[in-house]
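Take a look at the structure set out below.
The values are calculated or read from the model by the stated rules, or taken from the named source; none is laboratory data. None of these values were measured; they are calculated from a predicted model. Note that each Cβ is placed from the backbone with ideal geometry, even for glycine, and that neighbours are counted across all protein chains shown. SASA here: full protein model, heavy atoms, side chains in, ligands and nucleic acids out. Shrake-Rupley method; radii C 1.70, N 1.55, O 1.52, S 1.80 Å.
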Amino acid sequence: MTPDDLAGTLDFLRRAEALKSTLRSGATASGRQESTAEHTWRLCLMVMVLADGVAGIDALKLIKMCLVHDLGEAVGGDIPATDPRAADKSAQERRDLLALTAKLPPARRDEILGLWEEYEAGASPEAVLAKGFDKLETILQHNQGRNPPGFDYAFNLDYGARHTARHPLTAAIRAVLDEDTRARMVGLAE
């Protein structure tokens, strides 16, 4: 690695640190607002423990895709699915990802952008699983979190359904999490 490549890579890593402070709409079990970095960490952990050994999947590529799927949020922040701005979320995240990776060596920048674009398109087997697991991690966190009064748990029952239905593994996990959501909703109504 050349000195310029190293400097650009360290700049990227310093800027990506913002994901630790980029807050999402969900809360942790302790009631603290969750960060994008925490979401991404558990998404990767879910993939490691639930998708390991799925036939026809490049596990390293899947993990890398999960690591980069929300990377642009280090620049522009999280846009929750319920936010009206979510309609343009993909375009905004792509612009932010390009800005974040601008100083990386070209091959690394192209790899990250390629993984992100593949994730967004949802066309490869890895992207299908990454998108499904991304939605599942969010639902899991919503069900586990100590959320503010009035939190819309019913939203979980439709959230990402088309993505989680695309693979038998994510569909099976979804069925369990939907039951958890319904139980949480009943618990709130009592």
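Checking each residue in region 24-57 for being open to solvent by 20 Å² or more (accessible area, probe 1.4 Å) and part of a strand (DSSP E or B) picks out Arg24, Ser25, Gln33.
Output yes when any residue across region 74-86 is on the phi > 0 side of the Ramachandran plot, at pLDDT below 95 and over 12 Å from the mean Cα position of the chain (by Cα), and no when none is. Checked against the condition, which is being on the phi > 0 side of the Ramachandran plot, at pLDDT below 95 and over 12 Å from the mean Cα position of the chain (by Cα), region 74-86 yields at least one hit. Asp4 meets the conditions (1) within 11 Å of the chain's Cα centre (by Cα); (2) over 23 Å from Leu177 (Cα atoms) in every case but one. The failed one is (1).
Against the condition free of Cβ contacts under 8 Å to residues at least 60 places away in the same chain, small (Gly, Ala, Ser) and open to solvent by less than 30 Å² (accessible area, probe 1.4 Å), how does Ser21 come out, does it pass? In short, no. Just one of the listed residues (Leu19, Leu60) is within 25 Å of Ala172 (Cα to Cα), among the hydrophobic types (A, V, I, L, M, F, W, C) and in a helix (DSSP H, G or I), and it is Leu60. Those residues that are more than 18 Å from the chain's Cα centre (by Cα) and in contact (Cβ under 8 Å) with a residue 40 or more places away in the chain, I need them from region 24-48; list them, please. Hits for region 24-48 are Ala29, Ser30, Gly31.
Filtering region 102-115 to residues that are under 29 Å from Leu50 (Cβ atoms) and either surrounded by fewer than 22 Cβ atoms within 10 Å (Cβ to Cβ) or among the β-branched types (Val, Ile, Thr) (or both) leaves Arg108, Glu111, Ile112, Leu113, Gly114.
Return the residue satisfying two criteria in turn: it lies in region 1-47 and is among the charged types (D, E, K, R) and touching a Ser or Thr at 6+ places or on another chain (Cβ under 7 Å), and of such residues it is nearest to Pro106 (Cα to Cα).
Keep residues of region 1-47 that are among the charged types (D, E, K, R), which gives 4-5, 11, 14-15, 17, 20, 24, 32, 34, 38, 42.
From what is left, the residues that are touching a Ser or Thr at 6+ places or on another chain (Cβ under 7 Å) are 20, 24, 34.
Values: Lys20: 25, Arg24: 30, Glu34: 32 Å.
If we take residues in region 1-47 being among the charged types (D, E, K, R) and touching a Ser or Thr at 6+ places or on another chain (Cβ under 7 Å), then Lys20 is nearest to Pro106 (Cα to Cα).
Please find, within region 140-190, the residue that is most open to solvent (accessible area, probe 1.4 Å) out of those that are part of a helix (DSSP H, G or I) and of a type in the set (Gly, Ala, Ser).
Residues of region 140-190 part of a helix (DSSP H, G or I): 140-144, 154-158, 161-164, 168-189.
Narrowing further to those that are of a type in the set (Gly, Ala, Ser): 154, 161, 171-172, 175, 183, 187, 189.
Numbers: Ala154: 44, Ala161: 43, Ala171: 39, Ala172: 58, Ala175: 55, Ala183: 66, Gly187: 44, Ala189: 87 Å².
Result: Ala189.
When only residues in region 63-75 that are open to solvent by less than 50 Å² (accessible area, probe 1.4 Å) and part of a helix (DSSP H, G or I) count, which is farthest from Asp96 (Cα to Cα)? Steps first, please.
Taking region 63-75 as the starting set, the residues that turn out to be open to solvent by less than 50 Å² (accessible area, probe 1.4 Å) are 63, 65-66, 68-74.
Subsequent filtering for residues that are part of a helix (DSSP H, G or I) retains 63, 65-66, 68, 73-74.
Values: Ile63: 21, Met65: 17, Cys66: 17, Val68: 12, Glu73: 7, Ala74: 8 Å.
Result: Ile63.
Looking at the structure I just gave you, is Gly56 touching a strand residue (DSSP E or B) at 6+ places or on another chain (Cβ under 9 Å), of a type in the set (Gly, Ala, Ser) and touching a residue at least 40 places away in the same chain (Cβ under 8 Å)? Here the answer is no, as Gly56 does not meet what is asked.
Out of all the residues in region 76-113, which are among the hydrophobic types (A, V, I, L, M, F, W, C), assigned to a loop (DSSP other than H, G, I, E, B) and farther than 20 Å from Lys135 by Cβ? Correct list: Ala102, Leu104.
What about Glu118, is it in contact (Cβ under 8 Å) with a residue 12 or more places away in the chain, in a helix (DSSP H, G or I) and either open to solvent by 40 Å² or more (accessible area, probe 1.4 Å) or of a type in the set (A, V, I, L, M, F, W, C) (or both)?
Working: in contact (Cβ under 8 Å) with a residue 12 or more places away in the chain: yes; in a helix (DSSP H, G or I): yes; either open to solvent by 40 Å² or more (accessible area, probe 1.4 Å) or of a type in the set (A, V, I, L, M, F, W, C) (or both): yes.
Answer is yes for this residue.
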